[in-house]
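First the structure, in the form of structure tokens, and then the observations on it.
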Amino acid sequence: MRIGLITGDPSHPLLAAATALLGPAHHVHTLDPDVKGDAPGPTADVYLLKARTPRALAFARVLEGRGVPVVNSVAATTLCQDRTAMARRARQAGLPFAHTRTFDSLAQLADGPGLPGPVVVKSQHSRKRDLVARLDDDVQLRRLAAALPQEPVVVQDFAPNSGWDHKLWAVGDRLFAALRRSELSSDGRGPTRSLALDDLPSGWPAMVRRVGEVFALDVYGVDVIDTGGGSPLIVDINAFPGVRGQAGAPEALAELALRRAGGPPGT
């Protein structure tokens with residue numbers, strides 16, 4: 001089988017490990033559409049869409065037009081880049097997603113009636129090094145708006161929690177879980193601690209699978225906080241996250257690639 005990686009970083013631990021598993025029996029090649037000169041040519045049997053830049057999405061869209069499987073699809077990947085559309089889809093499906101309000105710019109938010117209380121402000125468009133910040137008062141809001149006045153944002157009310165994020169991932173049929181200090185923590189994120197699925201509150205694995213169904217995703221991450229008593233609140237959904245340090249994730253990705261390519265199960 002021929003497996004294509006659409007990425008600017010083929011050395012990423014998840015991709016590199018999956019490539020090593022596939023390499024002995026299958027041809028794996030990397031395409032970086034953001035490098036001048038890359039253009040759709042002879043196609044592989046399946047492509048893994050790790051990059052989410054406009055050129056990468058356009059490249060993958062051409063491949064889909066040729067009938068080549070792309071994991072995740074361009075439509076699903078694009079949906080997860082728009083936090084407004086993401087929240088709307090999740091809440092319409094009955095998922096416990098944080099109530100999300102959208103503002104055309106931070107300046108517009110700052111010109112409003114003020115913050116009702118602690119909130120989390122995020123870039124509307126999910127991307128590397130995007131904005132994610134907790135704001136407790138209007139002074140902090142005005143300071144941030146002065147630095148990034150034109151940034152389109154979404155606002156979620158801050159939900160009291162333990163300060164730990166549950167990082168839940170799906171790779172094909174496999175689920176993985178970990179705990180990580182919130183990126184809003186003053187102490188920084190710190191290490192990621194793997195978590196057994198049996199240690200998750202009841203119903204959480206089913207909720208993660210439901211996210212995959214609703215968003216038509218094969219490889220994805222769900223950021224969840226426990227607001228008390230195992231009550232989940234989804235605060236973000238990511239298409240093709242890193243899934244770093246999770247035993248079995250590279251095997252799951254290799255198996256998914258072969259399955260979507262129409263090859264035999266296993267590596």
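Where a number appears in this text, it was derived from the coordinates with a stated rule and is not lab data. Everything quoted here is computed from the prediction, not taken from an experiment. Neighbour counts run over all protein chains shown; Cβ positions are idealised from the backbone, glycine included.
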Shape of region 141-186, Cα gyration tensor, a/c cut at 1.5: prolate
Efficiency of FRET between PHE158 and ALA58 - r from beta-carbon atoms, R0 45 angstrom, step 0.05: 0.75
Which percent of Cα-Cα pairs in the chain sits in each 10 Å bin, short to long? 7, 28, 33, 22, 9, 1, 0
Could you tell me how many degrees, from 0 to 90 and to the nearest 10, lie between the Cα long axis of helix 83-92 and the main elongation axis, the longest principal axis, of the Cα atoms of the chain? 90
In a Gaussian network model over the chain where Cα atoms closer than 10 Å are linked, find which of ALA90, ALA110, ALA247 has the largest mean-square fluctuation. ALA247
The simple spin-label model distance between ALA206 and GLN140, using points 7 Å out along Cα→Cβ, in nm, is 3.7
Acute angle (nearest 10 degrees) that the helix 13-22 long axis makes with the longest principal axis of the chain, alpha-carbon atoms: 20
Sites SER231 and THR78 - FRET efficiency at Förster radius 30 Å, r taken between beta-carbons, to 0.05: 0.50
Output the relative contact order of region 151-265, whole-number percent, from Cα pairs under 8 angstrom with separation of 6+ residues. 26
How about region 198-267: which trypsin sites (Lys or Arg not before Pro) there lie in a loop by DSSP and see at most 16 other Cβ atoms within 10 Å? ARG244
Rounded to the nearest 10 degrees, the helix 249-261 long axis (Cα) sits at an angle to the longest Cα principal axis of the chain of 60
